[in-house]
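J.: There's a structure below that I have some questions on.
The values are calculated or read from the model by the stated rules, or taken from the named source; none is laboratory data. For clarity, every value in this text was computed on a predicted model and none was experimentally measured. Note: ideal-geometry Cβ built from the backbone for every residue, glycine included; neighbour counts use all protein chains shown. The accessibility values were calculated without ligands, DNA or RNA, using every heavy atom of the protein model including side chains. Shrake-Rupley method; radii C 1.70, N 1.55, O 1.52, S 1.80 Å.
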Protein chains: 2
Amino acid sequence: MDAALDLVAKKAPFSSLSLREVTKRAGVVPTAFYRHFPDMSALGLTLLDESFRTLRQMMREVRQQELPNERMIRGSMETFFTYVRNNRTHFLFVSKELYGGSATMRQAIRREIRLFVSELAMDMARFPFLVRVNAEDLQMMASLVVNSVVALTQEMLELDEDDEAGQHEMLIMAEKQVRLIYFGVAQWRSDVPPRT
Amino acid sequence: MDAALDLVAKKAPFSSLSLREVTKRAGVVPTAFYRHFPDMSALGLTLLDESFRTLRQMMREVRQQELPNERMIRGSMETFFTYVRNNRTHFLFVSKELYGGSATMRQAIRREIRLFVSELAMDMARFPFLVRVNAEDLQMMASLVVNSVVALTQEMLELDEDDEAGQHEMLIMAEKQVRLIYFGVAQWRSDVPPRT
DNA sequence: TCGCAATGTCAACACTTGTACACTTATACT
DNA sequence: AGTATAAGTGTACAAGTGTTGACATTGCGA
């Protein structure tokens, strides 16, 4: 059932998608829909949950494989982006819902993203050269990293599915950008004058 | 006419929006729509054009006011974000269309964004400490800056319209993030081993 | 003041939409 | 083997959809 619904986010955004189209795609009569979900928005939330449950698990694995400094960025980016490619439809769905979905959807996705940011901030707090950075700035750095990766992910989703060259380019770009950010992080002091 | 259509992007994404809703909101009979646009997607493209024409002009002004290093970041961010607040509906529209719109819409928006990136890259090329950075990396840095600002803008649009505290927080965050990136930029050398 | 172009109105059409209700079929469990 | 539960079918309806063609009103330039 969900299978046919994944094929959904391929073209139109979820919001402009009728119950009947879904059931037609699933090869089933419209009224059969209600046997599974009371509502279209319920379907949406279920899809969202399904998307993030597996993503969270993957992120946990990435976080645990402790690698030395430089290798870490490259490795994380690589596993993340191949994961994206293997779950293309789910990411397409989430990407469109982030800004185009209902209020509850958007908030749910933002909550998940904030969670990733916090976890990254915690990981970064263990870096020895970041002891002089206060918690707020740590959060700000982590959100910068996450936002950039998200943006690049969305850009990659815009590419053709089998444009391997383009996707590889995105990966390299992501790695460079994150490394660049880390250069900046190493330089940062939380006590510079606010200059307001 | 366009006035009533701006009030449109306040709730639903443009794609899931009927011709009749628009005309009703405009206080006009459905068929009158065709006197102005042949099509809903034509309306969308017009709205898009309207949004970016003024934006481009503003960006040009920001680019010309040459300020010394530190002041520049703060100043640019300030004028940009107040511009966003003053054109809230337009940005809401564009933000939703970036990922939720039709293929032609998305491509049009991406083209505009790439244009901003290129212009920023050109400006950055004039910095004395960036002579050792090749063109490709310049592009990558500029896109990092633009992506971050875009992400923060979208986050700000999620806030309540008159949550001034929250919006100010976004502004400060944006300034910090861009400054952080510039720290990294100052450290960058294009000839580090690619480590592939 | 006339006339014409722009803008708006009305009625009607063929479709699609979400949902309710009453049945039928398949699956699983004692 | 028999039955309860889950899943699917068919019909129906009221409401909303885009688009048509023929007609009415406005406003501005000659």
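J.: Placing the label point 7 Å from Cα along the Cα-to-Cβ direction, what are the distances from A:Ala32 to the equivalent spots in the other copies, shortest first, in nm to one decimal?
T.: From this label point to the equivalent ones elsewhere in the assembly: 4.6 nm.
J.: Now for a different question. Using alpha carbon centroids, what distance separates the stretch A:159-183 and the stretch B:1-73, in Å?
T.: 32 Å
J.: Relative to the longest principal Cα axis of chain A, at what angle does helix A:164-187 sit, 0 to 90 degrees, rounded to 10?
T.: Around 40 degrees separate the two axes.
J.: What is the angle, in °, between the Cα long axis of helix A:40-64 and the longest principal axis of the Cα atoms in chain A? Nearest 10 is fine, range 0 to 90.
T.: Between helix and principal axis, roughly 30 degrees.
J.: Test of understanding: what is the full-extension gain from A:Glu50 to A:Ile172, defined as 0.36 nm times their sequence separation minus their Cα-Cα distance?
T.: Going from the current span to full extension adds 41.1 nm.
J.: For chain B, take the alpha-carbon Rg, divide it by the Kirkwood Rh, and send me Rg/Rh.
T.: Reported Rg/Rh (Cα atoms, Kirkwood Rh): 1.04.
J.: What 222 nm value per residue comes from the helices of chain A, counting each DSSP H run with n ≥ 4 as -39,500 (n - 2.57) and dividing by all residues, nearest 500 deg cm²/dmol?
T.: Values: 8 runs with 139 residues, N = 196.
So the calculated ellipticity at 222 nm is -24000 deg cm²/dmol.
J.: Could you derive backbone 3J(HN,Hα) for the stretch B:121-133 from the dihedral phi with the Karplus parameters 6.51, -1.76 and 1.60 (θ = phi - 60°), listing whole Hz in sequence and x where the residue is Gly or Pro?
T.: Taking θ as phi minus 60°, the curve returns 4, 4, 4, 5, 4, 7, 5, x, 7, 10, 5, 8, 9 Hz for the stretch B:121-133.
J.: Report, for B:Arg88, each distance to the same residue's label point in the other copies, shortest first and in nm; define the point 7 Å along Cα→Cβ.
T.: So the label point of B:Arg88 gives 3.9 nm to the other copies.
J.: Using a 1.4 angstrom probe on protein heavy atoms only, which residues from the stretch A:167-192 are buried by at least 30 Å² of accessible area when all chains are present rather than their own chain alone?
T.: In the stretch A:167-192, residues shielded by partner chains: A:Met173, A:Lys176, A:Gln177, A:Arg179, A:Leu180, A:Phe183, A:Gly184, A:Gln187, A:Trp188.
J.: A:Lys11 to B:Leu67: FRET efficiency via 1/(1 + (r/R0)^6), r the Cβ-Cβ distance, R0 45 Å, to the nearest 0.05?
T.: Numbers: r = 46 Å, r/R0 = 1.02.
With R0 = 45 Å, the Cβ-Cβ based efficiency is 0.45.
J.: In debye, nearest 20: dipole of the stretch A:45-187 around its Cα centre with unit charges on the Cβ of K, R (+) and D, E (-)?
T.: Numbers: 17 positive and 21 negative charges, 128 e Å.
Dipole size: approximately 620 debye.
J.: I would also like to ask the following. Can you list the copy-to-copy distances for A:Leu159, using a point 7 angstrom from Cα toward Cβ, in nanometres, shortest first?
T.: 3.5
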